[in-house]
Amino acid sequence: MMQLSATELVLAATGLKPEGSDVCDERHTGMSCAVCGVSLRAGDPVDDLVLPPSFTNHNALAHPGNPWRCGACTAVMTRSVFQMGASSVLICRDGIFPIMKKEHRAWALQTPPDTPFALCVQNAKQQHVVWRTPVTLSKEQILIRVGEQVVRLRRSLLLKAADEARYLAQLKSEKGRPVKDAIESPFVADWKFQSSDGGRLKWFVYKLLEQEQITTDNISSLLQLNAGEAWALGAFLHERPIAPESITPSIL
Ligand SMILES: [Zn+2]
Ligand SMILES: [Zn+2]
(Lines give C-alpha, C1' and ligand atoms only; values in the text may rest on other atoms or scores of the structure.)
(Ligands and ions follow the chains in the order given, each with its own letter.)
Protein backbone atom coordinates (compact mmCIF):
# COMPACT_ATOMS: atom_id res chain seq x y z
CA MET A 1 0.00 0.00 0.00
CA MET A 2 1.25 3.45 -0.87
CA GLN A 3 1.82 5.64 2.17
CA LEU A 4 0.59 9.21 2.05
CA SER A 5 3.43 11.63 1.57
CA ALA A 6 4.33 13.87 -1.36
CA THR A 7 7.51 11.90 -2.01
CA GLU A 8 5.59 8.59 -2.08
CA LEU A 9 3.21 10.24 -4.57
CA VAL A 10 6.19 11.22 -6.74
CA LEU A 11 7.28 7.59 -6.87
CA ALA A 12 3.76 6.40 -7.69
CA ALA A 13 3.45 9.08 -10.38
CA THR A 14 6.80 8.46 -12.05
CA GLY A 15 7.75 4.87 -11.35
CA LEU A 16 10.97 6.08 -9.71
CA LYS A 17 12.20 3.49 -7.23
CA PRO A 18 12.89 4.17 -3.55
CA GLU A 19 16.62 4.58 -2.92
CA GLY A 20 18.84 3.89 0.01
CA SER A 21 22.24 2.53 0.96
CA ASP A 22 20.73 0.37 3.70
CA VAL A 23 17.71 -1.90 4.13
CA CYS A 24 15.09 -1.53 6.87
CA ASP A 25 15.35 -4.21 9.53
CA GLU A 26 14.74 -4.54 13.29
CA ARG A 27 16.77 -1.35 13.92
CA HIS A 28 14.02 0.61 12.21
CA THR A 29 10.99 -1.21 13.59
CA GLY A 30 8.35 1.30 14.66
CA MET A 31 10.40 4.21 13.30
CA SER A 32 9.28 6.87 10.84
CA CYS A 33 11.02 8.78 8.10
CA ALA A 34 12.45 11.97 9.59
CA VAL A 35 11.47 13.91 6.48
CA CYS A 36 7.96 12.81 5.51
CA GLY A 37 6.85 10.77 8.50
CA VAL A 38 5.92 7.51 6.75
CA SER A 39 6.51 4.27 8.64
CA LEU A 40 9.75 2.49 7.80
CA ARG A 41 8.88 -1.02 6.71
CA ALA A 42 11.13 -4.07 6.84
CA GLY A 43 12.86 -4.69 3.53
CA ASP A 44 12.48 -1.14 2.21
CA PRO A 45 15.54 0.92 1.26
CA VAL A 46 16.55 3.43 3.94
CA ASP A 47 19.35 5.87 4.63
CA ASP A 48 20.81 7.76 7.53
CA LEU A 49 19.42 11.26 7.52
CA VAL A 50 22.43 13.34 6.54
CA LEU A 51 21.62 16.95 5.76
CA PRO A 52 24.03 19.32 4.04
CA PRO A 53 25.26 22.29 6.11
CA SER A 54 23.25 24.54 3.78
CA PHE A 55 20.00 22.87 4.83
CA THR A 56 17.59 25.33 6.43
CA ASN A 57 14.26 23.53 6.38
CA HIS A 58 14.54 21.73 9.72
CA ASN A 59 11.12 22.97 10.79
CA ALA A 60 9.61 21.20 7.77
CA LEU A 61 10.86 17.77 8.86
CA ALA A 62 8.11 15.46 10.09
CA HIS A 63 10.30 14.01 12.85
CA PRO A 64 13.44 16.16 13.20
CA GLY A 65 14.89 13.87 15.87
CA ASN A 66 14.72 10.67 13.84
CA PRO A 67 17.97 9.44 12.31
CA TRP A 68 16.49 7.85 9.17
CA ARG A 69 15.21 8.94 5.78
CA CYS A 70 12.86 6.78 3.67
CA GLY A 71 13.68 5.66 0.13
CA ALA A 72 11.11 7.96 -1.45
CA CYS A 73 12.50 11.06 0.27
CA THR A 74 16.04 10.10 -0.71
CA ALA A 75 14.98 9.65 -4.36
CA VAL A 76 13.35 13.09 -4.40
CA MET A 77 15.82 15.07 -2.28
CA THR A 78 18.86 13.86 -4.22
CA ARG A 79 17.43 14.90 -7.61
CA SER A 80 17.96 18.57 -8.34
CA VAL A 81 15.13 18.51 -10.90
CA PHE A 82 12.71 18.77 -7.96
CA GLN A 83 14.22 22.15 -7.13
CA MET A 84 14.36 23.25 -10.77
CA GLY A 85 12.08 22.04 -13.57
CA ALA A 86 9.71 20.00 -11.43
CA SER A 87 9.05 22.34 -8.54
CA SER A 88 5.78 24.07 -9.43
CA VAL A 89 3.71 21.00 -10.12
CA LEU A 90 0.67 18.86 -9.59
CA ILE A 91 1.64 15.35 -8.50
CA CYS A 92 -1.03 12.67 -8.90
CA ARG A 93 -1.35 9.05 -9.97
CA ASP A 94 -1.34 10.04 -13.66
CA GLY A 95 1.98 11.82 -13.47
CA ILE A 96 3.65 15.11 -12.64
CA PHE A 97 2.23 18.17 -14.38
CA PRO A 98 3.63 21.72 -14.56
CA ILE A 99 1.43 24.50 -13.14
CA MET A 100 3.69 27.47 -13.86
CA LYS A 101 1.34 28.79 -16.53
CA LYS A 102 -2.01 30.36 -15.72
CA GLU A 103 -3.98 28.07 -18.00
CA HIS A 104 -2.35 25.01 -16.43
CA ARG A 105 -3.08 26.17 -12.88
CA ALA A 106 -6.66 26.79 -13.99
CA TRP A 107 -6.87 23.20 -15.22
CA ALA A 108 -5.39 21.79 -12.00
CA LEU A 109 -7.72 23.73 -9.70
CA GLN A 110 -10.90 23.76 -11.77
CA THR A 111 -10.72 20.04 -12.54
CA PRO A 112 -8.55 18.50 -9.82
CA PRO A 113 -7.62 14.82 -10.22
CA ASP A 114 -8.79 12.08 -7.88
CA THR A 115 -7.20 12.25 -4.46
CA PRO A 116 -4.61 11.77 -3.15
CA PHE A 117 -2.61 14.46 -4.94
CA ALA A 118 -0.11 17.17 -4.06
CA LEU A 119 0.28 20.70 -5.38
CA CYS A 120 3.22 23.01 -4.91
CA VAL A 121 4.55 26.30 -6.24
CA GLN A 122 8.15 27.39 -5.89
CA ASN A 123 8.51 31.15 -5.44
CA ALA A 124 12.23 31.46 -4.80
CA LYS A 125 15.24 29.94 -6.55
CA GLN A 126 16.48 26.55 -5.33
CA GLN A 127 13.64 26.39 -2.82
CA HIS A 128 12.63 22.94 -1.61
CA VAL A 129 8.89 22.63 -1.99
CA VAL A 130 8.08 19.13 -3.27
CA TRP A 131 8.99 17.03 -0.22
CA ARG A 132 7.52 19.68 2.09
CA THR A 133 4.11 19.58 0.42
CA PRO A 134 1.14 18.14 2.32
CA VAL A 135 -0.99 15.53 0.55
CA THR A 136 -4.49 16.67 -0.42
CA LEU A 137 -7.14 14.13 0.58
CA SER A 138 -10.30 16.00 -0.45
CA LYS A 139 -11.09 18.09 -3.51
CA GLU A 140 -13.08 20.31 -1.17
CA GLN A 141 -10.01 21.14 0.93
CA ILE A 142 -7.11 21.53 -1.45
CA LEU A 143 -3.72 22.12 0.14
CA ILE A 144 -0.97 23.87 -1.81
CA ARG A 145 2.50 24.68 -0.67
CA VAL A 146 3.34 28.11 -2.06
CA GLY A 147 6.94 28.80 -1.14
CA GLU A 148 7.21 29.01 2.61
CA GLN A 149 3.47 28.80 3.20
CA VAL A 150 0.78 26.18 2.90
CA VAL A 151 -2.55 27.53 1.69
CA ARG A 152 -5.88 25.78 2.14
CA LEU A 153 -8.53 26.15 -0.56
CA ARG A 154 -12.21 25.57 0.13
CA ARG A 155 -13.23 24.64 -3.37
CA SER A 156 -17.01 25.11 -3.19
CA LEU A 157 -16.55 28.52 -1.56
CA LEU A 158 -14.14 29.46 -4.36
CA LEU A 159 -16.65 28.42 -7.01
CA LYS A 160 -19.29 30.68 -5.41
CA ALA A 161 -16.74 33.48 -5.11
CA ALA A 162 -15.88 33.06 -8.80
CA ASP A 163 -19.55 33.63 -9.69
CA GLU A 164 -19.55 36.79 -7.60
CA ALA A 165 -16.34 37.95 -9.26
CA ARG A 166 -17.90 37.40 -12.71
CA TYR A 167 -20.81 39.60 -11.68
CA LEU A 168 -18.45 42.35 -10.46
CA ALA A 169 -16.44 42.18 -13.67
CA GLN A 170 -19.65 42.56 -15.65
CA LEU A 171 -20.60 45.70 -13.72
CA LYS A 172 -17.13 47.11 -14.17
CA SER A 173 -16.43 46.53 -17.83
CA GLU A 174 -17.78 48.78 -20.53
CA LYS A 175 -20.06 47.37 -23.19
CA GLY A 176 -18.47 45.69 -26.18
CA ARG A 177 -15.15 45.16 -24.48
CA PRO A 178 -13.46 42.05 -25.89
CA VAL A 179 -13.54 38.98 -23.67
CA LYS A 180 -10.11 38.00 -22.45
CA ASP A 181 -8.85 34.58 -21.34
CA ALA A 182 -9.72 35.38 -17.78
CA ILE A 183 -12.27 37.43 -15.86
CA GLU A 184 -10.57 40.14 -13.83
CA SER A 185 -10.05 39.12 -10.22
CA PRO A 186 -11.40 41.58 -7.65
CA PHE A 187 -8.26 40.89 -5.60
CA VAL A 188 -4.82 42.35 -6.13
CA ALA A 189 -3.08 39.63 -8.12
CA ASP A 190 0.17 38.14 -6.95
CA TRP A 191 0.49 34.55 -8.02
CA LYS A 192 3.91 34.11 -6.45
CA PHE A 193 2.30 35.07 -3.15
CA GLN A 194 5.08 37.49 -2.29
CA SER A 195 3.49 40.93 -2.19
CA SER A 196 2.05 42.20 1.07
CA ASP A 197 -0.81 43.60 -0.99
CA GLY A 198 -1.85 40.18 -2.31
CA GLY A 199 -5.39 39.33 -1.24
CA ARG A 200 -6.54 42.95 -0.83
CA LEU A 201 -9.75 43.80 -2.66
CA LYS A 202 -9.22 46.21 -5.54
CA TRP A 203 -10.54 49.75 -5.25
CA PHE A 204 -13.21 49.23 -7.88
CA VAL A 205 -15.03 46.88 -5.50
CA TYR A 206 -15.14 49.57 -2.79
CA LYS A 207 -16.35 52.03 -5.45
CA LEU A 208 -19.21 49.71 -6.44
CA LEU A 209 -20.19 49.48 -2.76
CA GLU A 210 -19.95 53.25 -2.26
CA GLN A 211 -22.08 53.87 -5.31
CA GLU A 212 -24.57 51.29 -4.04
CA GLN A 213 -24.30 49.26 -7.25
CA ILE A 214 -23.72 46.26 -5.00
CA THR A 215 -24.12 45.43 -1.32
CA THR A 216 -21.91 43.15 0.76
CA ASP A 217 -24.52 40.42 0.08
CA ASN A 218 -23.31 40.37 -3.53
CA ILE A 219 -19.78 39.56 -2.39
CA SER A 220 -20.39 37.43 0.71
CA SER A 221 -18.30 34.51 -0.57
CA LEU A 222 -15.49 36.78 -1.77
CA LEU A 223 -15.39 38.33 1.70
CA GLN A 224 -14.91 34.91 3.29
CA LEU A 225 -11.83 34.00 1.25
CA ASN A 226 -8.54 33.78 3.09
CA ALA A 227 -5.39 35.18 1.49
CA GLY A 228 -4.53 31.84 -0.14
CA GLU A 229 -7.99 31.53 -1.62
CA ALA A 230 -7.86 35.11 -2.90
CA TRP A 231 -4.58 34.13 -4.56
CA ALA A 232 -6.14 30.99 -6.10
CA LEU A 233 -9.27 32.76 -7.33
CA GLY A 234 -7.41 33.83 -10.48
CA ALA A 235 -7.19 30.18 -11.55
CA PHE A 236 -10.94 29.77 -11.03
CA LEU A 237 -11.60 32.82 -13.21
CA HIS A 238 -9.56 31.57 -16.15
CA GLU A 239 -11.87 30.86 -19.07
CA ARG A 240 -9.63 28.58 -21.10
CA PRO A 241 -7.95 25.99 -18.90
CA ILE A 242 -5.47 23.76 -20.71
CA ALA A 243 -4.29 20.33 -19.56
CA PRO A 244 -0.47 20.36 -19.60
CA GLU A 245 1.71 17.53 -20.85
CA SER A 246 3.11 15.37 -18.08
CA ILE A 247 6.76 16.20 -17.37
CA THR A 248 7.45 12.75 -15.96
CA PRO A 249 9.77 11.82 -18.86
CA SER A 250 12.06 14.78 -18.07
CA ILE A 251 12.47 13.52 -14.50
CA LEU A 252 13.43 9.95 -15.28
ZN1 LIG B 1 10.18 10.04 3.72
ZN1 LIG C 1 19.19 21.57 -0.90
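Could you check the stretch 44-117 for strands (runs of 3 or more DSSP E) lying wholly inside it with 2 or more residues that are assigned by TED's automatic domain parsing to the domain that holds C24?
45-48, 68-70
Specify the residue that is nearest to V135 (Cα to Cα); the eligible residues are those in the stretch 31-52 that are away from ligand 2 (no atom under 16 Å from the Cβ) and among the aliphatic types (A, V, I, L, M).
Taking the candidates together, the pick is V38.
Would you say N226 is within 18 Å of the chain's Cα centre (by Cα) and either open to solvent by 20 Å² or more (accessible area, probe 1.4 Å) or among the hydrophobic types (A, V, I, L, M, F, W, C) (or both)?
yes
Tell me yes or no: at least one residue of the stretch 82-93 is of a type in the set (A, V, I, L, M), over 21 Å from A13 (Cα atoms) and open to solvent by less than 70 Å² (accessible area, probe 1.4 Å).
No, because not a single residue in the stretch 82-93 is of a type in the set (A, V, I, L, M), over 21 Å from A13 (Cα atoms) and open to solvent by less than 70 Å² (accessible area, probe 1.4 Å).
Could you tell me which numbered condition A106 fails, if it satisfies all but one of (1) buried (at least 20 other Cβ atoms within 10 Å of the Cβ); (2) small (G, A, S); (3) within 16 Å of ligand 2 (Cβ to nearest atom); (4) within 16 Å of the chain's Cα centre (by Cα)?
It is condition (3) that A106 fails.
Just checking, how many residues over the stretch 124-149 are over 19 Å from F55 (Cβ atoms) and more than 16 Å from ligand 1 (Cβ to nearest atom)?
Within the stretch 124-149, residues that are over 19 Å from F55 (Cβ atoms) and more than 16 Å from ligand 1 (Cβ to nearest atom) number 11.
Of the residues that make up the stretch 53-61, is at least one away from ligand 2 (no atom under 11 Å from the Cβ) and touching a Leu at 6+ places or on another chain (Cβ under 6 Å)?
no
Counting just the residues of the stretch 124-141 that are more than 16 Å from ligand 2 (Cβ to nearest atom) and in a loop (DSSP other than H, G, I, E, B), which one comes out most open to solvent (accessible area, probe 1.4 Å)?
L137
The values are calculated or read from the model by the stated rules, or taken from the named source; none is laboratory data. These numbers were taken from a predicted model, which means no experiment stands behind them. Cβ atoms come from the backbone with ideal geometry, glycine included; neighbour counts cover every protein chain shown. Side chains are part of the model used for accessible areas, which takes the heavy atoms of the whole protein and leaves out ligands, DNA and RNA. Shrake-Rupley method; radii C 1.70, N 1.55, O 1.52, S 1.80 Å.
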